[in-house]
Amino acid sequence: MEFAYDAKTNEMVAELTAFMDSHVYPAEKTFHEQLAVLDNRWAWDSVPVLTELRAEARRRGLWNLFLPGSKGAGLTNLQYAPLAEITGRSIQLAPAVFNCAAPDTGNMEVLNEFGTEAQQRQWLEPLLAGEIRSAFAMTEPDVASSDATNVELSIVRDGDDYVINGRKWWITGAMNPNCAVFIVMGKTDPGSERHRQQSQILVPRDTPGLEVLRGMEVFGYDDNDHGGHAELRFTDVRVPVSNLIGEEGGGFAIAQARLGPGRIHHCMRAIGVAERAIEMMCRRAASRVAFGKPLAEQGVIRDWIAESRVRVEQLRLLVLKTAWLMDTVGNRGAHTEIQSIKIATPLTVQWILDKAIQVHGAGGVSQDFPLAAMYAGIRTLRFADGPDEVHKNALARTELKKHLAS
Ligand SMILES: Cc1cc2nc3c(=O)[nH]c(=O)nc-3n(C[C@H](O)[C@H](O)[C@H](O)COP(=O)(O)OP(=O)(O)OC[C@H]3O[C@@H](n4cnc5c(N)ncnc54)[C@H](O)[C@@H]3O)c2cc1C
């Protein structure tokens, strides 16, 4: 068993860390200041300092790190894992700097794997170049969307077009006017087998009948630093049949294919969030004095710090093992581990953030530190991309099967 990263990974970790230190961390404050005075508060990717950082990252080859193969940086999951972790340390800024931010990453993966040549030319190329942004629209207000077979938006063939009707909400990135295209999941054949009823289709933002109704808030945050989360209404939205991704009835399978990498990317970045929180917790504990001594000398706080270190190390090992499995036996073979990290990561990181916030006192929940926003984002991961309970159900089923079979 080899616990070291390979030479290429070490080299990229060094390059990325140097760039984060020299350019990204120092720009965090400016990014938020410039974001606050934008004419359109949702046009986050037009913030000047971000545009400069993206150009420099691309020039240095620190670009599309998430995407395997010749169109991306060509890294394996195991090679990408520590890089994603580093970007997670500056979660509101860094993933976008390197064109590695969700949901564009998942959309690029889908277009790369299932898109036609024409779809790739029209949408994948500008996404890879960082010229446009995109969104993925699956969740609906009227149905329990953790069961993706529930989605009701209708996609009906009419000659050379599909006609789309329905509602979606929580569509990340969609408030941004530069979010040019939506990958929309709906039903093309409600009468067929449960997992063959769905299809995914590309809908350009400016298509008549598509309305962006409002932005949703996460614990009061509108998340304009990554394009918000929109409620959408589709009324007789008409797109050509060539906009279908893959085949009719293939939408559920495409969604599953997308979620494997998507989940592990979230987990990798979340470990970076935890590392930043531990660092902040230690600095604050060392510098703040209460009842005559630094907080760092209080046993309970040392316990939180030690516990955080133990938990994050355990988590990282499991995430790296999962990445290695995805590279060696494929996403399907790594299914159980993907579910395990999807359950373990947000809970663990949420625990660490809670302790970091506590050490900061009232400052911890304020706008002066990033901890509260980090907490809000991590909390949503306990149901986004599938609630803990759904993953636990499936994991338990797999575990029970081994014993019930004999
Ligand atoms: C910040 C944020 C960003 C998001 N971005 C997107 C996006 O870009 N695109 C998109 O399509 N969606 C997005 N979502 C939506 C997210 O994917 C859904 O919220 C998630 O899939 C759960 O669906 P639901 O909200 O309809 O919950 P429901 O399906 O109504 O489930 C509610 C609760 O029921 C319980 N439950 C469900 N099934 C089971 C079970 N089998 N066993 C036990 N308990 C169960 C769980 O506790 C679950 O949390 C986002 C959500 C958030 C908060």
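The values are calculated or read from the model by the stated rules, or taken from the named source; none is laboratory data. The model shown is predicted, which means the values in this text are computed figures rather than measured ones. Glycine gets a Cβ as well: all are built from the backbone with ideal geometry, and neighbour counts include every protein chain shown. Surface areas here come from the heavy atoms of the whole protein model, side chains and all, with no ligands, DNA or RNA. Shrake-Rupley method; radii C 1.70, N 1.55, O 1.52, S 1.80 Å.
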Could you tell me how many of the residues in region 135-150 are under 18 Å from Gln256 (Cα atoms), touching a strand residue (DSSP E or B) at 6+ places or on another chain (Cβ under 8 Å) and near the ligand (Cβ under 9 Å from one of its atoms)? 7
From the residues in region 233-286 that are polar (S, T, N, Q) and not assigned by the TED database to the domain that holds Gly333, which one is least open to solvent (accessible area, probe 1.4 Å)? Asn243
Give the number of residues within region 173-188 that are within 11 Å of the ligand (Cβ to nearest atom) and over 18 Å from Val47 (Cα atoms). 4
Only residues that are open to solvent by 40 Å² or more (accessible area, probe 1.4 Å) and within 9 Å of the ligand (Cβ to nearest atom): list them for region 385-406, please. Asp385, Glu389, Val390, Lys392, Asn393
Taking the condition of being closer than 19 Å to Phe383 by Cβ and either charged (D, E, K, R) or free of Cβ contacts under 8 Å to residues at least 60 places away in the same chain (or both), how many residues in region 223-270 meet it? 6
A careful count of residues in region 21-33 that are in contact with a Leu (Cβ under 8 Å, 6 or more places away or on another chain) and farther than 12 Å from Gln92 by Cα gives 1
From the options Asn77, Asn150, residue that is outside the structural domain of Ile341 (by the TED database), among the polar types (S, T, N, Q) and open to solvent by less than 40 Å² (accessible area, probe 1.4 Å): Asn77
Of a type in the set (Ser, Thr, Tyr) and more than 26 Å from Lys401 (Cα to Cα): which single residue out of Thr336, Thr348, Thr328, Thr322 fits that description? Thr348
Tell me yes or no: at least one residue of region 4-19 is among the aromatic types (Phe, Trp, Tyr) and open to solvent by 60 Å² or more (accessible area, probe 1.4 Å). yes
Starting from residues that are more than 25 Å from Leu124 (Cβ to Cβ) and open to solvent by 30 Å² or more (accessible area, probe 1.4 Å), keep the ones in region 195-208 and report whichever is nearest to the ligand (Cβ to nearest atom). His195
Pairs, please: C-beta under 7 Å, at least 6 apart or cross-chain, first residue touching a residue at least 24 places away in the same chain (Cβ under 8 Å) and in region 379-394, second near the ligand (Cβ under 6 Å from one of its atoms)? Thr380/Val218; Phe383/Ser146; Gly386/Ser146; Pro387/Ser146; Val390/Ser146
Mind checking whether some residue in region 93-110 is over 21 Å from Ile341 (Cβ atoms) and surrounded by fewer than 21 Cβ atoms within 10 Å (Cβ to Cβ)? no
When Ala43 is evaluated against the numbered criteria (1) farther than 30 Å from Leu320 by Cα; (2) free of Cβ contacts under 8 Å to residues at least 60 places away in the same chain, which criterion, by number, is the only one it fails? (2)
For Ile341, indicate whether it is of a type outside the set (Ser, Thr, Tyr), closer than 30 Å to Arg194 by Cβ and modelled with pLDDT of 95 or more. yes
Could you list all residues from region 367-406 that are under 16 Å from Arg276 (Cβ atoms) and of a type in the set (Ser, Thr, Tyr)? Tyr375
Given the criteria away from the ligand (no atom under 16 Å from the Cβ) and of a type in the set (A, V, I, L, M, F, W, C), does Ile378 qualify? no
Among the candidates Lys402, Lys355, Lys392, which residue alone is modelled with pLDDT under 95 and not small (Gly, Ala, Ser)? Lys402
